[in-house]
Amino acid sequence: MTVRLEQSESLGRHRTLFDEAMQCAERERFVSRIWDKDATLWKSAEAYQKLIRNALGWLAVAQWSSERIEEMETFAREVCEAGFTHLMLLGMGGSSLCPEVLRRTFSQREGFPELLVLDTTDPDTISGYQSQADPKRTAFIVSSKSGTTIEPLTFYKYFYQQTGNAGENFTAITDPGTLMERTAREANFRRVFLNPADIGGRYSALSYFGMVPAALMGLDVRQMLRRAVAAMEACSASVPTKENQGLRLGCVLGALARAGRDKLTLVTGGEISSLGLWIEQLIAESTGKEGRGIIPVAGELLGPPENYSHDRLFVVVHTGTLDSETNSRLEALESAGHPVVRRWLSDPLDLGAEFFTWEFATAVAGALLEINPFDQPNVQESKDNTNRLLEAFKQSGALPEVHKPSSPAPPLDQIVSDHLALVRPGDYIALLAYIQETAEHDELLQAIRMRLGKRFHVATTTGYGPRFLHSTGQLHKGGPDSGVFIQLTCDAKTDLAIPGEPYTFGVLRQAQALGDFSSLESHGRRVIRIHLGREVGAGLKKLRETIEGT
């Protein structure tokens, strides 16, 4: 079987860096050592060895899942015959981003329930989902590798109560022996899918975590996995080095990041425009540690060459033909000396192959950057901070203040102006939005980042909390000190109780925001918090006007 993906690199004067990285990869036998699960490719210290070896199950999981297609398809038919109108995946990070990309990429299939993905503790969003999908006619998929992640556990508690404790409405995807497995069996879930334990969350797209929701949506999982297996074979040690696309992509990412081109600007459009969400997590959480890392920039609109500094690498992933405007902008960037990599997919089902190719490339880039791409040492910090705040809430009935404002508080324009004065060449500005994800908020955040990028000639990123805590959050704390952070919080218009807990979803989200802020401060990051109040749209408009006026 052949892989239908294609790739070209327009690297200009950076071609030498790429060639040297490819030579290094061949000399050091990167490909064969990856397939041999040789942990010393990434770290020589014994402390890392077992962890790395136990995180390489993704290499063969496409084949593993292929052997279970009939099982997944049979279950999908069972769910359809049960009369469910909706599917709702309850997850976070690696367990939810692949299904979210599939949801946005493929329309609802006739005869199959509509997929919704819940990966936020925002109570307005949860309330909206409940209005959209009758819980008693919804099949819930509780996805959690560890089985202890707070978000899917609280989502489960809430919707289990809403269904009248109907265990047959629920399916679990988790690792063997977890709390979630025990909970699922005690509550008589319809099904429990136990995933291989040697696969990290962000490398799990081709496992049960991605493929069970795909089957339940009615997607052609057979074809998607067939292409993933073909990509796996095309990255094998038997393929000539120059023809190994995973190796080539990884060498571009790693070599250019080492040379200062560490802002990986993703250009995805059309049917697969949401793919950047998944790549963003994979790259940020895998490489952002030990003061190093590749900063993925997803969703940033392309501008003229003069908008960009010399820290960019543009990677285009698309199906079909690019529109003329995007193509002309890319050609202008190439002419100005910016490196551009283009990847063509024949159709959206090639996402199966693309998932594997990017995973392989990330492993290669990690070797070049001399980091372990399979751990996430700083993610736990924000979780621990959140838990401390929630424990304090249980004791006192209120969240403690993490950052006391000045009294009297300076005006917003002064706060913003002083903070933006800290931006240096080579930085990136990150908007950390603990608000509801809506089309209006998307548009306003995009306008803010466009203004910031154009003014400061730096990369800009956005992320909705708490989703990004399981994604770019690792990079924010563990990566290079080049981030300038603006945290945005708000008051929810509604709030919802969490069964069995003294706090609500609104309190949980606020604790997550404050815990994240505390973690960023503890690492000496440049961060401010702006509270938008109850009317989030109005607050964002005011912030946009303030930035335009500074």
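Among the candidates R342, R312, the residue that is farther than 29 Å from G478 by Cβ, surrounded by 14 or more Cβ atoms within 10 Å (Cβ to Cβ) and charged (D, E, K, R) is uniquely R342. If you go through region 368-385 and keep only what is open to solvent by less than 10 Å² (accessible area, probe 1.4 Å) and assigned to a helix (DSSP H, G or I), you end up with L368, S382. Counting the residues of region 120-162 that are open to solvent by 10 Å² or more (accessible area, probe 1.4 Å), assigned to a loop (DSSP other than H, G, I, E, B) and either among the β-branched types (V, I, T) or under 17 Å from L469 (Cβ atoms) (or both) gives 5.
One residue stands out among those in region 410-468 that are more than 24 Å from L313 (Cα to Cα), over 18 Å from the mean Cα position of the chain (by Cα) and among the charged types (D, E, K, R): the one that is surrounded by the most Cβ atoms within 10 Å (Cβ to Cβ), which is D413.
Going by the conditions given, is Q436 closer than 30 Å to Q161 by Cβ, of a type in the set (S, T, N, Q), outside any helix (DSSP H, G or I) and at pLDDT 95 or above? So Q436 passes the test. Which pairs have Cβ atoms under 9 Å, sit 6 or more apart or on different chains, and link a residue in region 69-80 that is buried (at least 17 other Cβ atoms within 10 Å of the Cβ) to one that is of a type in the set (V, I, T)? From residues that are buried (at least 17 other Cβ atoms within 10 Å of the Cβ), the pairs are M72/V212; M72/V221; F75/T171; F75/V212; A76/V212; A76/V221; V79/T171. Please name all residue pairs, on different chains or six or more residues apart, with Cβ atoms under 7 Å, provided the first residue is in region 325-340 and is on the phi < 0 side of the Ramachandran plot and the second residue is small (G, A, S) and open to solvent by 40 Å² or more (accessible area, probe 1.4 Å). So the pair list comes out as E334/S10; P339/S10; P339/G12; V340/S10.
Quick check on L102: is it open to solvent by less than 60 Å² (accessible area, probe 1.4 Å), touching a strand residue (DSSP E or B) at 6+ places or on another chain (Cβ under 8 Å), touching a residue at least 40 places away in the same chain (Cβ under 8 Å) and not in a helix (DSSP H, G or I)? No: the conditions fail for L102. Scanning region 485-512 for residues that are crowded, with 23+ Cβ neighbours inside 10 Å and of a type in the set (K, R) returns a single hit, R509. Can you tell me which residues in region 493-550 are of a type in the set (F, W, Y) and either free of Cβ contacts under 8 Å to residues at least 24 places away in the same chain or assigned to a helix (DSSP H, G or I) (or both)? Across region 493-550, the qualifying residues are F505, F517. Run down T489, T550, T461, T438 and say which single residue is closer than 26 Å to N387 by Cα and not acidic (D, E). Result: T489 is the single residue among T489, T550, T461, T438 that is closer than 26 Å to N387 by Cα and not acidic (D, E).
The values are calculated or read from the model by the stated rules, or taken from the named source; none is laboratory data. Quantities reported herein were computed from a predicted structural model and do not represent experimental measurements. Positions of Cβ are generated from backbone atoms using ideal geometry, with glycine treated the same way; all protein chains shown enter the neighbour counts. Surface areas here come from the heavy atoms of the whole protein model, side chains and all, with no ligands, DNA or RNA. Shrake-Rupley method; radii C 1.70, N 1.55, O 1.52, S 1.80 Å.
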